[in-house]
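The block underneath contains the structure these notes are about, expressed in C-alpha coordinates.
The values are calculated or read from the model by the stated rules, or taken from the named source; none is laboratory data. What you are looking at is a predicted structure, and each value in this text was computed from that prediction instead of being measured. Here the Cβ is made from the backbone with ideal geometry for all residues, glycine too, and neighbour counts use every protein chain on show.
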Amino acid sequence: MTETAPSKAEKGPSSLRDPHHPALAAPSGKQTAQRFSGRSALATRPAAGVTAAVKNRRSVGTASLSGPDGTALRERGPAHLAPLEADAAGPPDPLTIGRRLRHLRKATGKTLSDVAAVAGISPSALSLIENGKREPKLSLLTTLAGALDSNLADLLTVAAPSRRAALEIELVKVQRTDAFKALDIPAVRPGPRLQTEALESLVGLHRAMARIQAERAATPEQARRANADLRDRMRRQGNYFGEIEAVTAGLLTATKYEGGPITRTVVDRMAAHLGFRLVHTTDLPESTRTVTDLAHRIIYLPQPDAGQHDSRSLALQALGHVVLGHAVPQDYSEFLEQRVEINYFAASLLIPERGALALLRRAKVAKDIAIEDLRDAYAVSYETAAHRFTNLATRHLDLPVHFMRISSSGVIYKAYENDGVRFPTDATGAIEGQRVCRYWTARVVFDRPDLSSAYQQYTDTTSGTYWCTAVVDRTPAGLFSVSVGVPYADVKWMRGRETSERSLSRCPDPACCSQPPAELAGRWAGSAWPSARVHSHLLAAMPPGVFPGVDQTDVLTFLDRHSVY
Ligand SMILES: [Zn+2]
(Lines give C-alpha, C1' and ligand atoms only; values in the text may rest on other atoms or scores of the structure.)
Protein backbone atom coordinates (compact mmCIF):
# COMPACT_ATOMS: atom_id res chain seq x y z
CA MET A 1 0.00 0.00 0.00
CA THR A 2 1.61 3.15 -1.20
CA GLU A 3 0.47 6.23 0.56
CA THR A 4 2.87 8.62 -1.01
CA ALA A 5 4.37 9.08 -4.40
CA PRO A 6 7.91 8.39 -3.25
CA SER A 7 9.73 10.80 -5.48
CA LYS A 8 7.65 13.76 -4.38
CA ALA A 9 7.69 12.71 -0.80
CA GLU A 10 11.44 12.70 -0.87
CA LYS A 11 11.77 15.86 -2.85
CA GLY A 12 9.20 17.72 -0.82
CA PRO A 13 11.18 18.64 2.22
CA SER A 14 14.06 19.63 -0.01
CA SER A 15 12.80 23.17 0.12
CA LEU A 16 14.22 23.10 3.58
CA ARG A 17 17.55 23.05 1.88
CA ASP A 18 20.18 25.37 3.03
CA PRO A 19 19.59 28.73 1.37
CA HIS A 20 23.35 29.04 1.05
CA HIS A 21 23.15 26.29 -1.50
CA PRO A 22 20.90 27.83 -4.09
CA ALA A 23 22.48 25.91 -6.92
CA LEU A 24 21.12 22.72 -5.57
CA ALA A 25 17.68 24.14 -5.89
CA ALA A 26 17.99 26.30 -8.97
CA PRO A 27 17.78 24.50 -12.28
CA SER A 28 18.20 27.69 -14.21
CA GLY A 29 19.96 28.40 -17.42
CA LYS A 30 19.45 32.01 -16.44
CA GLN A 31 21.82 31.64 -13.55
CA THR A 32 24.36 30.09 -15.82
CA ALA A 33 24.14 32.95 -18.26
CA GLN A 34 24.57 35.39 -15.45
CA ARG A 35 27.49 33.50 -14.07
CA PHE A 36 29.29 33.60 -17.38
CA SER A 37 28.50 37.21 -18.06
CA GLY A 38 31.69 38.37 -16.47
CA ARG A 39 33.49 39.29 -13.33
CA SER A 40 31.22 42.19 -12.49
CA ALA A 41 28.48 39.72 -11.68
CA LEU A 42 30.51 38.44 -8.80
CA ALA A 43 29.32 40.96 -6.27
CA THR A 44 25.65 40.49 -7.01
CA ARG A 45 25.74 36.74 -7.18
CA PRO A 46 24.94 35.80 -3.61
CA ALA A 47 21.80 37.91 -3.59
CA ALA A 48 20.66 36.53 -6.91
CA GLY A 49 21.30 33.03 -5.66
CA VAL A 50 19.15 33.46 -2.61
CA THR A 51 16.37 34.93 -4.70
CA ALA A 52 16.53 31.97 -7.00
CA ALA A 53 16.28 29.62 -4.06
CA VAL A 54 13.29 31.45 -2.72
CA LYS A 55 11.63 31.46 -6.11
CA ASN A 56 12.24 27.79 -6.48
CA ARG A 57 10.72 27.16 -3.13
CA ARG A 58 7.52 28.78 -4.24
CA SER A 59 7.28 27.15 -7.60
CA VAL A 60 6.95 23.57 -6.49
CA GLY A 61 3.84 22.05 -7.95
CA THR A 62 1.13 19.75 -6.76
CA ALA A 63 1.69 16.09 -6.20
CA SER A 64 -1.08 13.62 -5.99
CA LEU A 65 -1.02 10.91 -3.43
CA SER A 66 -3.15 7.99 -2.64
CA GLY A 67 -4.73 7.45 0.76
CA PRO A 68 -4.70 4.19 2.67
CA ASP A 69 -8.08 3.19 1.33
CA GLY A 70 -7.20 4.22 -2.17
CA THR A 71 -8.83 7.62 -1.88
CA ALA A 72 -6.99 10.27 -3.70
CA LEU A 73 -5.44 12.70 -1.30
CA ARG A 74 -4.19 15.99 -2.49
CA GLU A 75 -0.82 16.92 -1.27
CA ARG A 76 -0.04 20.53 -1.82
CA GLY A 77 3.57 21.12 -2.60
CA PRO A 78 4.08 24.36 -0.69
CA ALA A 79 2.36 23.09 2.45
CA HIS A 80 4.55 20.05 2.36
CA LEU A 81 7.61 22.17 1.83
CA ALA A 82 6.86 24.82 4.40
CA PRO A 83 4.50 23.01 6.71
CA LEU A 84 4.52 25.57 9.45
CA GLU A 85 3.46 28.44 7.28
CA ALA A 86 -0.19 29.26 6.85
CA ASP A 87 -1.09 28.87 3.25
CA ALA A 88 -3.91 30.68 1.55
CA ALA A 89 -4.04 28.71 -1.67
CA GLY A 90 -5.47 25.30 -2.52
CA PRO A 91 -7.73 22.90 -0.65
CA PRO A 92 -6.50 21.26 2.55
CA ASP A 93 -5.63 17.58 2.77
CA PRO A 94 -7.65 15.02 4.79
CA LEU A 95 -5.16 14.97 7.62
CA THR A 96 -5.38 18.73 8.13
CA ILE A 97 -9.17 18.61 7.95
CA GLY A 98 -9.19 15.70 10.40
CA ARG A 99 -6.96 17.51 12.87
CA ARG A 100 -9.15 20.60 12.58
CA LEU A 101 -12.22 18.48 13.31
CA ARG A 102 -10.58 17.03 16.39
CA HIS A 103 -9.43 20.46 17.50
CA LEU A 104 -12.99 21.80 17.23
CA ARG A 105 -14.44 18.72 18.92
CA LYS A 106 -12.10 19.03 21.90
CA ALA A 107 -12.70 22.76 22.07
CA THR A 108 -16.42 22.11 22.38
CA GLY A 109 -15.84 19.35 24.94
CA LYS A 110 -17.58 16.67 22.88
CA THR A 111 -16.64 12.98 22.61
CA LEU A 112 -16.21 10.95 19.43
CA SER A 113 -19.53 9.25 20.19
CA ASP A 114 -21.38 12.55 20.67
CA VAL A 115 -20.36 13.90 17.29
CA ALA A 116 -20.55 10.58 15.45
CA ALA A 117 -24.12 10.10 16.64
CA VAL A 118 -25.20 13.46 15.22
CA ALA A 119 -23.59 12.65 11.87
CA GLY A 120 -25.00 9.12 11.82
CA ILE A 121 -21.61 7.36 11.60
CA SER A 122 -19.71 5.14 14.01
CA PRO A 123 -17.19 6.64 16.45
CA SER A 124 -14.42 4.59 14.82
CA ALA A 125 -15.30 6.01 11.42
CA LEU A 126 -15.05 9.52 12.88
CA SER A 127 -11.70 8.59 14.41
CA LEU A 128 -10.43 7.49 11.00
CA ILE A 129 -11.54 10.83 9.56
CA GLU A 130 -9.85 12.75 12.38
CA ASN A 131 -6.63 10.85 11.70
CA GLY A 132 -6.76 11.68 8.01
CA LYS A 133 -7.14 8.05 7.13
CA ARG A 134 -10.48 8.49 5.47
CA GLU A 135 -11.62 11.32 3.27
CA PRO A 136 -15.20 12.34 4.14
CA LYS A 137 -17.69 13.40 1.51
CA LEU A 138 -18.58 17.05 1.40
CA SER A 139 -22.11 16.40 2.74
CA LEU A 140 -20.71 14.53 5.75
CA LEU A 141 -18.22 17.29 6.40
CA THR A 142 -21.03 19.85 6.37
CA THR A 143 -22.95 17.79 8.94
CA LEU A 144 -19.86 17.33 11.12
CA ALA A 145 -19.16 21.05 11.01
CA GLY A 146 -22.72 21.74 12.11
CA ALA A 147 -22.40 19.24 14.97
CA LEU A 148 -19.40 21.21 16.18
CA ASP A 149 -21.12 24.60 16.01
CA SER A 150 -18.89 25.48 13.07
CA ASN A 151 -19.23 25.66 9.31
CA LEU A 152 -17.66 24.11 6.23
CA ALA A 153 -15.59 27.18 5.39
CA ASP A 154 -13.87 27.06 8.78
CA LEU A 155 -13.19 23.37 8.45
CA LEU A 156 -11.60 23.85 5.06
CA THR A 157 -9.30 26.58 6.25
CA VAL A 158 -5.95 25.41 5.02
CA ALA A 159 -3.71 26.26 7.92
CA ALA A 160 -3.32 23.75 10.69
CA PRO A 161 -5.31 24.82 13.76
CA SER A 162 -2.19 25.30 15.90
CA ARG A 163 1.56 24.97 15.76
CA ARG A 164 1.30 21.76 17.73
CA ALA A 165 -1.24 20.41 15.23
CA ALA A 166 1.00 21.47 12.34
CA LEU A 167 3.90 19.53 13.84
CA GLU A 168 1.69 16.50 14.41
CA ILE A 169 0.52 16.62 10.81
CA GLU A 170 4.05 16.92 9.52
CA LEU A 171 5.26 14.00 11.59
CA VAL A 172 2.39 11.78 10.50
CA LYS A 173 2.99 12.65 6.87
CA VAL A 174 6.69 12.06 6.91
CA GLN A 175 6.22 8.74 8.70
CA ARG A 176 3.92 7.64 5.91
CA THR A 177 6.52 8.14 3.18
CA ASP A 178 8.26 5.18 1.60
CA ALA A 179 11.56 6.79 2.48
CA PHE A 180 10.70 6.58 6.17
CA LYS A 181 9.29 3.07 5.92
CA ALA A 182 12.48 1.93 4.23
CA LEU A 183 14.37 2.89 7.40
CA ASP A 184 12.44 0.28 9.40
CA ILE A 185 12.26 2.56 12.41
CA PRO A 186 9.05 2.42 14.45
CA ALA A 187 6.74 5.37 13.81
CA VAL A 188 5.90 7.65 16.72
CA ARG A 189 2.23 8.41 17.28
CA PRO A 190 1.91 12.12 17.96
CA GLY A 191 -0.73 11.63 20.63
CA PRO A 192 -1.41 14.03 23.52
CA ARG A 193 1.24 12.32 25.66
CA LEU A 194 4.04 13.21 23.26
CA GLN A 195 5.64 16.39 24.56
CA THR A 196 5.75 19.29 22.13
CA GLU A 197 9.50 19.55 22.69
CA ALA A 198 10.01 15.95 21.58
CA LEU A 199 7.68 16.53 18.65
CA GLU A 200 9.70 19.59 17.54
CA SER A 201 12.87 17.58 17.77
CA LEU A 202 11.51 14.66 15.75
CA VAL A 203 10.19 16.92 13.01
CA GLY A 204 13.49 18.82 13.00
CA LEU A 205 15.42 15.57 12.55
CA HIS A 206 13.17 14.47 9.70
CA ARG A 207 13.71 17.78 7.96
CA ALA A 208 17.46 17.60 8.37
CA MET A 209 17.46 14.09 6.98
CA ALA A 210 15.36 15.12 4.02
CA ARG A 211 17.73 17.99 3.29
CA ILE A 212 20.74 15.69 3.29
CA GLN A 213 18.99 13.21 1.02
CA ALA A 214 17.99 15.98 -1.36
CA GLU A 215 21.55 17.27 -1.56
CA ARG A 216 22.85 13.82 -2.31
CA ALA A 217 20.20 13.19 -4.92
CA ALA A 218 20.93 16.44 -6.72
CA THR A 219 24.62 15.73 -6.88
CA PRO A 220 25.82 13.86 -9.96
CA GLU A 221 23.38 15.32 -12.47
CA GLN A 222 24.01 18.92 -11.42
CA ALA A 223 27.73 18.40 -11.39
CA ARG A 224 27.82 16.84 -14.83
CA ARG A 225 25.72 19.61 -16.28
CA ALA A 226 27.97 22.23 -14.71
CA ASN A 227 30.98 20.54 -16.28
CA ALA A 228 29.31 20.48 -19.69
CA ASP A 229 28.35 24.17 -19.47
CA LEU A 230 31.84 25.16 -18.52
CA ARG A 231 33.35 23.17 -21.37
CA ASP A 232 31.02 24.89 -23.82
CA ARG A 233 32.19 28.24 -22.59
CA MET A 234 35.84 27.26 -22.87
CA ARG A 235 35.31 26.01 -26.39
CA ARG A 236 33.65 29.27 -27.42
CA GLN A 237 36.68 31.26 -26.35
CA GLY A 238 39.25 28.84 -27.75
CA ASN A 239 40.29 27.97 -24.18
CA TYR A 240 41.87 31.43 -23.90
CA PHE A 241 41.13 33.76 -20.97
CA GLY A 242 42.34 37.21 -21.97
CA GLU A 243 41.48 38.80 -18.63
CA ILE A 244 43.61 36.34 -16.73
CA GLU A 245 46.49 36.73 -19.19
CA ALA A 246 46.39 40.48 -18.55
CA VAL A 247 46.43 40.01 -14.79
CA THR A 248 49.34 37.57 -14.84
CA ALA A 249 51.32 39.65 -17.32
CA GLY A 250 50.99 42.57 -14.89
CA LEU A 251 52.13 40.42 -12.00
CA LEU A 252 55.16 39.21 -13.95
CA THR A 253 56.13 42.78 -14.77
CA ALA A 254 55.62 43.93 -11.20
CA THR A 255 57.90 41.21 -9.90
CA LYS A 256 60.58 41.94 -12.52
CA TYR A 257 60.37 38.60 -14.30
CA GLU A 258 62.78 38.47 -17.22
CA GLY A 259 62.14 35.13 -18.88
CA GLY A 260 62.80 31.44 -18.46
CA PRO A 261 61.27 29.05 -15.93
CA ILE A 262 59.41 30.46 -12.94
CA THR A 263 61.53 29.28 -10.03
CA ARG A 264 60.46 28.84 -6.43
CA THR A 265 62.21 32.13 -5.68
CA VAL A 266 60.12 33.94 -8.28
CA VAL A 267 56.96 32.42 -6.79
CA ASP A 268 58.01 33.62 -3.32
CA ARG A 269 58.55 37.10 -4.75
CA MET A 270 55.10 37.08 -6.30
CA ALA A 271 53.50 36.00 -3.04
CA ALA A 272 55.39 38.73 -1.18
CA HIS A 273 54.34 41.29 -3.78
CA LEU A 274 50.73 40.33 -3.05
CA GLY A 275 51.33 40.49 0.68
CA PHE A 276 51.32 36.73 1.30
CA ARG A 277 53.74 34.38 2.97
CA LEU A 278 54.14 30.77 1.80
CA VAL A 279 54.51 28.23 4.59
CA HIS A 280 55.20 24.55 4.02
CA THR A 281 53.69 22.25 6.61
CA THR A 282 53.30 18.53 7.21
CA ASP A 283 49.86 18.59 8.80
CA LEU A 284 47.57 19.98 6.09
CA PRO A 285 44.05 18.55 6.38
CA GLU A 286 43.83 15.48 4.20
CA SER A 287 40.92 16.86 2.19
CA THR A 288 42.85 19.94 1.05
CA ARG A 289 45.67 20.79 -1.31
CA THR A 290 46.39 24.16 0.29
CA VAL A 291 44.81 26.31 2.98
CA THR A 292 44.89 30.10 2.91
CA ASP A 293 44.68 32.14 6.09
CA LEU A 294 43.23 35.37 4.75
CA ALA A 295 43.44 37.11 8.13
CA HIS A 296 47.20 36.68 8.46
CA ARG A 297 47.84 36.36 4.72
CA ILE A 298 49.56 33.01 4.90
CA ILE A 299 49.27 30.22 2.33
CA TYR A 300 49.92 26.78 3.79
CA LEU A 301 51.38 24.30 1.32
CA PRO A 302 52.19 20.60 1.66
CA GLN A 303 55.77 19.61 2.33
CA PRO A 304 57.16 18.66 -1.09
CA ASP A 305 57.40 14.87 -1.31
CA ALA A 306 60.94 13.89 -2.19
CA GLY A 307 61.10 16.60 -4.82
CA GLN A 308 58.13 15.03 -6.55
CA HIS A 309 55.51 17.59 -5.80
CA ASP A 310 55.48 20.87 -7.65
CA SER A 311 54.42 23.29 -4.96
CA ARG A 312 54.92 26.25 -7.31
CA SER A 313 51.72 25.37 -9.03
CA LEU A 314 49.80 24.92 -5.76
CA ALA A 315 51.06 28.22 -4.39
CA LEU A 316 50.13 30.06 -7.58
CA GLN A 317 46.68 28.50 -7.64
CA ALA A 318 46.06 29.60 -4.05
CA LEU A 319 47.20 33.12 -4.95
CA GLY A 320 44.90 32.96 -7.97
CA HIS A 321 41.81 32.92 -5.78
CA VAL A 322 42.95 36.15 -4.15
CA VAL A 323 44.16 37.95 -7.27
CA LEU A 324 41.07 37.01 -9.29
CA GLY A 325 38.81 38.23 -6.51
CA HIS A 326 37.02 34.96 -5.95
CA ALA A 327 34.23 34.96 -3.38
CA VAL A 328 33.08 31.81 -1.59
CA PRO A 329 31.50 29.76 -4.39
CA GLN A 330 27.72 29.92 -4.31
CA ASP A 331 27.26 26.68 -6.17
CA TYR A 332 29.07 23.86 -7.84
CA SER A 333 29.26 25.63 -11.21
CA GLU A 334 31.01 28.54 -9.65
CA PHE A 335 33.28 26.21 -7.74
CA LEU A 336 34.28 24.54 -11.02
CA GLU A 337 34.71 27.85 -12.77
CA GLN A 338 37.04 29.03 -10.03
CA ARG A 339 39.03 25.83 -10.34
CA VAL A 340 39.45 26.39 -14.07
CA GLU A 341 40.45 30.00 -13.48
CA ILE A 342 43.09 29.28 -10.84
CA ASN A 343 44.53 26.50 -12.99
CA TYR A 344 44.71 28.94 -15.87
CA PHE A 345 46.18 31.60 -13.61
CA ALA A 346 48.94 29.26 -12.41
CA ALA A 347 49.69 27.95 -15.89
CA SER A 348 49.88 31.43 -17.38
CA LEU A 349 52.48 32.33 -14.77
CA LEU A 350 54.47 29.11 -15.09
CA ILE A 351 54.47 29.46 -18.88
CA PRO A 352 54.16 33.20 -19.52
CA GLU A 353 52.30 34.09 -22.68
CA ARG A 354 54.90 36.31 -24.28
CA GLY A 355 57.85 33.93 -24.04
CA ALA A 356 55.77 30.86 -24.88
CA LEU A 357 54.35 32.56 -27.93
CA ALA A 358 57.78 33.51 -29.22
CA LEU A 359 58.82 29.87 -28.85
CA LEU A 360 55.66 28.51 -30.48
CA ARG A 361 55.73 30.98 -33.37
CA ARG A 362 59.33 30.11 -34.16
CA ALA A 363 58.35 26.45 -34.04
CA LYS A 364 55.42 27.03 -36.36
CA VAL A 365 57.63 28.76 -38.91
CA ALA A 366 59.98 25.79 -38.72
CA LYS A 367 56.98 23.41 -38.87
CA ASP A 368 58.27 21.85 -35.69
CA ILE A 369 55.78 22.47 -32.88
CA ALA A 370 56.28 20.09 -29.94
CA ILE A 371 54.72 20.10 -26.48
CA GLU A 372 57.99 18.71 -25.09
CA ASP A 373 59.79 21.94 -26.02
CA LEU A 374 57.35 23.99 -23.99
CA ARG A 375 57.70 21.54 -21.12
CA ASP A 376 61.48 21.71 -21.15
CA ALA A 377 61.76 25.47 -21.65
CA TYR A 378 59.66 26.18 -18.56
CA ALA A 379 60.46 23.18 -16.37
CA VAL A 380 56.85 22.10 -16.03
CA SER A 381 54.99 18.81 -16.37
CA TYR A 382 53.93 17.53 -19.77
CA GLU A 383 50.34 18.01 -18.71
CA THR A 384 50.86 21.67 -17.80
CA ALA A 385 52.66 22.24 -21.12
CA ALA A 386 49.96 20.45 -23.11
CA HIS A 387 47.20 22.35 -21.39
CA ARG A 388 48.99 25.64 -21.87
CA PHE A 389 49.46 24.81 -25.55
CA THR A 390 45.68 24.55 -25.93
CA ASN A 391 45.31 28.02 -24.33
CA LEU A 392 47.51 29.63 -26.96
CA ALA A 393 47.14 27.43 -30.05
CA THR A 394 43.79 28.63 -31.34
CA ARG A 395 44.02 32.27 -30.34
CA HIS A 396 47.55 32.91 -31.52
CA LEU A 397 48.55 30.10 -33.88
CA ASP A 398 45.23 29.56 -35.58
CA LEU A 399 45.26 25.87 -34.68
CA PRO A 400 42.15 24.06 -33.50
CA VAL A 401 43.13 21.41 -30.96
CA HIS A 402 41.98 18.79 -28.53
CA PHE A 403 43.39 17.67 -25.22
CA MET A 404 42.68 14.72 -22.99
CA ARG A 405 43.77 13.20 -19.74
CA ILE A 406 42.48 9.67 -19.37
CA SER A 407 43.13 6.72 -17.08
CA SER A 408 44.72 3.53 -18.36
CA SER A 409 41.23 2.03 -18.59
CA GLY A 410 40.26 4.83 -20.97
CA VAL A 411 38.10 6.87 -18.61
CA ILE A 412 38.16 10.63 -19.25
CA TYR A 413 39.30 12.84 -16.37
CA LYS A 414 39.80 16.04 -18.32
CA ALA A 415 39.17 16.88 -21.91
CA TYR A 416 38.90 19.87 -24.16
CA GLU A 417 38.32 20.24 -27.88
CA ASN A 418 37.52 22.88 -30.43
CA ASP A 419 38.57 20.86 -33.46
CA GLY A 420 35.39 18.82 -33.84
CA VAL A 421 36.72 15.60 -32.37
CA ARG A 422 33.80 13.68 -30.89
CA PHE A 423 34.34 12.77 -27.26
CA PRO A 424 32.00 10.14 -25.87
CA THR A 425 29.22 11.80 -23.89
CA ASP A 426 26.34 10.79 -21.68
CA ALA A 427 22.77 12.05 -22.01
CA THR A 428 23.56 15.33 -20.22
CA GLY A 429 26.46 16.09 -22.57
CA ALA A 430 29.02 15.31 -19.88
CA ILE A 431 32.21 13.53 -20.88
CA GLU A 432 33.82 13.01 -17.46
CA GLY A 433 33.76 9.33 -16.63
CA GLN A 434 33.09 8.25 -20.22
CA ARG A 435 35.41 5.79 -21.93
CA VAL A 436 37.20 6.85 -25.09
CA CYS A 437 37.60 4.60 -28.11
CA ARG A 438 40.27 1.99 -27.61
CA TYR A 439 41.77 2.84 -31.02
CA TRP A 440 42.47 6.47 -30.15
CA THR A 441 46.06 7.57 -29.57
CA ALA A 442 45.27 8.34 -25.92
CA ARG A 443 44.56 4.67 -25.31
CA VAL A 444 46.88 3.00 -27.79
CA VAL A 445 49.82 4.71 -26.05
CA PHE A 446 49.32 2.41 -23.04
CA ASP A 447 50.04 -0.62 -25.24
CA ARG A 448 53.41 0.67 -26.38
CA PRO A 449 56.42 -1.30 -25.14
CA ASP A 450 58.20 1.90 -24.12
CA LEU A 451 56.04 4.16 -21.97
CA SER A 452 58.73 6.76 -21.52
CA SER A 453 58.46 8.48 -24.88
CA ALA A 454 55.71 10.30 -26.72
CA TYR A 455 53.66 8.28 -29.19
CA GLN A 456 52.08 9.72 -32.32
CA GLN A 457 49.35 8.32 -34.49
CA TYR A 458 46.84 9.26 -37.17
CA THR A 459 43.29 8.22 -36.36
CA ASP A 460 40.39 8.15 -38.79
CA THR A 461 37.25 8.97 -36.80
CA THR A 462 33.63 9.64 -37.66
CA SER A 463 34.39 13.37 -37.60
CA GLY A 464 37.56 13.28 -39.67
CA THR A 465 41.19 12.32 -39.41
CA TYR A 466 43.27 13.58 -36.49
CA TRP A 467 46.93 13.38 -35.64
CA CYS A 468 47.65 13.08 -31.94
CA THR A 469 50.61 12.83 -29.64
CA ALA A 470 50.39 11.22 -26.22
CA VAL A 471 52.58 10.50 -23.22
CA VAL A 472 51.98 8.28 -20.22
CA ASP A 473 52.03 9.91 -16.81
CA ARG A 474 52.78 7.72 -13.78
CA THR A 475 51.01 8.89 -10.63
CA PRO A 476 50.29 7.33 -7.24
CA ALA A 477 46.71 6.89 -8.49
CA GLY A 478 47.88 4.86 -11.48
CA LEU A 479 48.80 5.42 -15.11
CA PHE A 480 47.26 8.25 -17.07
CA SER A 481 47.81 9.45 -20.61
CA VAL A 482 47.96 13.08 -21.59
CA SER A 483 47.36 13.71 -25.27
CA VAL A 484 47.08 16.61 -27.66
CA GLY A 485 45.77 16.40 -31.20
CA VAL A 486 45.02 18.49 -34.27
CA PRO A 487 42.94 17.88 -37.40
CA TYR A 488 44.75 16.36 -40.37
CA ALA A 489 44.84 19.72 -42.18
CA ASP A 490 46.99 21.22 -39.43
CA VAL A 491 49.43 18.41 -38.87
CA LYS A 492 51.95 20.09 -41.14
CA TRP A 493 53.01 22.33 -38.24
CA MET A 494 53.64 19.52 -35.79
CA ARG A 495 56.76 17.55 -34.95
CA GLY A 496 56.16 13.81 -35.22
CA ARG A 497 53.81 14.03 -38.21
CA GLU A 498 55.98 11.59 -40.17
CA THR A 499 54.70 8.67 -38.12
CA SER A 500 53.31 5.73 -40.08
CA GLU A 501 51.05 4.64 -37.20
CA ARG A 502 47.42 4.76 -38.20
CA SER A 503 44.16 3.48 -36.79
CA LEU A 504 40.45 3.49 -37.51
CA SER A 505 37.82 4.42 -34.93
CA ARG A 506 34.14 3.96 -35.70
CA CYS A 507 32.93 4.98 -32.23
CA PRO A 508 30.24 5.80 -31.18
CA ASP A 509 29.18 2.80 -33.30
CA PRO A 510 29.06 0.12 -30.58
CA ALA A 511 30.49 -2.37 -33.03
CA CYS A 512 33.76 -0.37 -33.03
CA CYS A 513 35.05 -1.27 -29.60
CA SER A 514 32.42 -0.87 -26.91
CA GLN A 515 30.78 -4.20 -27.75
CA PRO A 516 32.77 -7.42 -27.68
CA PRO A 517 33.13 -9.28 -30.99
CA ALA A 518 30.03 -11.42 -31.65
CA GLU A 519 31.88 -14.71 -31.62
CA LEU A 520 33.52 -13.98 -28.27
CA ALA A 521 30.27 -12.69 -26.77
CA GLY A 522 28.43 -15.78 -27.97
CA ARG A 523 30.92 -18.18 -26.41
CA TRP A 524 30.70 -16.46 -23.02
CA ALA A 525 27.01 -15.64 -23.05
CA GLY A 526 25.65 -15.95 -19.50
CA SER A 527 28.98 -17.09 -18.08
CA ALA A 528 30.78 -13.87 -17.24
CA TRP A 529 30.08 -11.82 -14.12
CA PRO A 530 32.61 -9.05 -13.51
CA SER A 531 32.55 -6.70 -10.55
CA ALA A 532 33.14 -3.05 -11.43
CA ARG A 533 35.80 -0.94 -9.82
CA VAL A 534 33.77 2.14 -9.04
CA HIS A 535 35.33 5.49 -9.77
CA SER A 536 33.93 6.99 -6.62
CA HIS A 537 35.36 10.45 -7.28
CA LEU A 538 33.37 10.60 -10.51
CA LEU A 539 30.16 9.21 -9.10
CA ALA A 540 30.28 11.57 -6.17
CA ALA A 541 31.10 14.40 -8.51
CA MET A 542 29.63 17.03 -6.23
CA PRO A 543 30.27 16.39 -2.58
CA PRO A 544 28.09 18.62 -0.39
CA GLY A 545 29.49 21.66 1.38
CA VAL A 546 30.53 25.21 0.62
CA PHE A 547 33.92 23.99 -0.58
CA PRO A 548 32.95 20.67 -2.10
CA GLY A 549 34.97 17.77 -0.81
CA VAL A 550 36.68 19.77 1.91
CA ASP A 551 36.36 18.87 5.58
CA GLN A 552 35.68 22.33 6.93
CA THR A 553 36.23 21.38 10.57
CA ASP A 554 39.65 19.99 9.73
CA VAL A 555 40.51 23.22 7.97
CA LEU A 556 39.43 25.46 10.82
CA THR A 557 41.14 23.27 13.41
CA PHE A 558 44.26 23.42 11.28
CA LEU A 559 44.16 27.22 11.05
CA ASP A 560 43.55 27.48 14.78
CA ARG A 561 46.48 25.26 15.51
CA HIS A 562 48.77 27.29 13.29
CA SER A 563 47.71 30.75 14.33
CA VAL A 564 48.73 30.04 17.92
CA TYR A 565 52.35 30.39 16.89
ZN1 LIG B 1 35.99 2.63 -30.74
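Residues that are more than 16 Å from the ligand (Cβ to nearest atom) and either under 16 Å from residue 485 (Cβ atoms) or hydroxyl-bearing (Ser, Thr, Tyr) (or both) number at least 2 in the following helices (runs of 4 or more DSSP H) confined to the range 365-455: 371-378, 382-397. The number of residues in the range 464-515 being closer than 12 Å to residue 454 by Cα and among the polar types (S, T, N, Q) comes to 4.
Condition first: in a loop (DSSP other than H, G, I, E, B) and either in contact (Cβ under 8 Å) with a residue 60 or more places away in the chain or under 17 Å from residue 103 (Cβ atoms) (or both). Now tell me which residues in the range 194-207 satisfy that.
Across the range 194-207, the qualifying residue is only 194.
The one condition from (1) at pLDDT below 80; (2) in a helix (DSSP H, G or I) that residue 159 does not meet is (2). In the condition set (1) under 21 Å from residue 336 (Cβ atoms); (2) aromatic (Phe, Trp, Tyr); (3) within 16 Å of the ligand (Cβ to nearest atom), residue 466 is compliant with all but (1). Within the range 227-242, being charged (D, E, K, R) and out of contact with any helix residue (DSSP H, G or I) (no Cβ under 7 Å at 6 or more places or on another chain) holds for 231, 232, 233, 235, 236. Could we say that residue 511 is more than 16 Å from the ligand (Cβ to nearest atom), surrounded by fewer than 16 Cβ atoms within 10 Å (Cβ to Cβ), among the small types (Gly, Ala, Ser) and at negative phi here? No; evaluated as a whole, the condition is false for this residue. Test residue 477 against the criterion of being within 15 Å of the ligand (Cβ to nearest atom) and not acidic (Asp, Glu), and give yes or no. No, not satisfied. Taking the criterion of being among the hydroxyl-bearing types (Ser, Thr, Tyr) and in a loop (DSSP other than H, G, I, E, B), the residues of the range 88-128 that qualify are 108, 111, 122.
For (1) free of Cβ contacts under 8 Å to residues at least 40 places away in the same chain; (2) hydroxyl-bearing (Ser, Thr, Tyr), each residue gets a yes or a no:
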| residue | (1), (2) |
| --- | --- |
| 122 | yes, yes |
| 139 | yes, yes |
| 142 | yes, yes |
| 147 | yes, no |
| 151 | yes, no |
| 155 | no, no |
| 170 | no, no |
| 178 | no, no |
| 181 | yes, no |
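State whether the residues of the range 304-319 include one that is more than 23 Å from residue 454 (Cβ to Cβ), polar (S, T, N, Q) and surrounded by fewer than 21 Cβ atoms within 10 Å (Cβ to Cβ).
Yes; the residues of the range 304-319 include at least one that is more than 23 Å from residue 454 (Cβ to Cβ), polar (S, T, N, Q) and surrounded by fewer than 21 Cβ atoms within 10 Å (Cβ to Cβ).
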